[in-house]
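Encoded as structure tokens, the structure appears first; notes follow it.
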């Protein structure tokens with residue numbers, strides 16, 4: 001029997017994990033592009049820390065542009081060592097407050113809380129966003145694609161729009177007045193206390209919790225449960 005010899009340089013091995021601290025300026029908006037795991041804690045001075053292999057960290061570009069922090073793949077990423085498996089990188093950020101949060105691609109974003117007069121949260125692609133607690137006079141949330149959004153809290157005027165096969169779980173969010181749009185096969189759940197205006201197309205599902213006055217326009221095969 002012949003033995004199969006594999007050069008050690010061709011065997012992928014996990015790269016050693018390191019932490020890198022970032023010096024960043026104030027930001028109140030964040031956009032994550034690419035497949036990164038990002039955590040944001042509010043109520044603190046701006047800071048950042050990346051955890052992962054040196055190779056994985058070198059492949060990430062983080063910068064603040066007009067108070068918007070952007071996480072994206074580096075245009076000049078270092079190739080790393082042959083045979084080294086870069087693995088994933090976790091990004092932990094802090095900031096005094098956050099008004100806008102969004103992702104594209106397969107990113108994961110977790111924010112502890114958001115508070116403000118007007119807030120916006122958007123998911124594009126197959127990513128996942130979780131907002132632990134939110135409070136706003138005006139709140140716009142949306143998913144476009146196969147991604148998911150989970151949010152809790154309260155808002156006076158809330159707009160929730162789902163396009164595609166993803167999902168919005170706002171079952172722990174209470175809107176005084178909710179405007180809901182569904183276009184696709186996804187599942188959207190939201191709470192409302194005073195009024196809910198639902199416009200649904202496609203074959204998905206909309207559930208409005210609570211006892212609001214409901215206005216429903218269903219132009220497809222979607223299932224709509226309101227109040």
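I'd like to verify a number: residues in region 42-69 that are surrounded by 20 or more Cβ atoms within 10 Å (Cβ to Cβ) and in contact (Cβ under 8 Å) with a residue 60 or more places away in the chain, how many?
0
Which of the strands (runs of 3 or more DSSP E) contained wholly in region 131-214 include at least 3 residues that are closer than 18 Å to residue 102 by Cβ? Walk me through it before giving the result.
Details: elements: 148-164, 167-184, 187-201, 205-209.
Answer list for region 131-214: 148-164, 167-184.
Values quoted throughout were computed directly from the atomic coordinates according to the rules given, and no laboratory measurement underlies them. Nothing here was measured: the structure is a model prediction, and the numbers come from that model. Cβ atoms come from the backbone with ideal geometry, glycine included; neighbour counts cover every protein chain shown.
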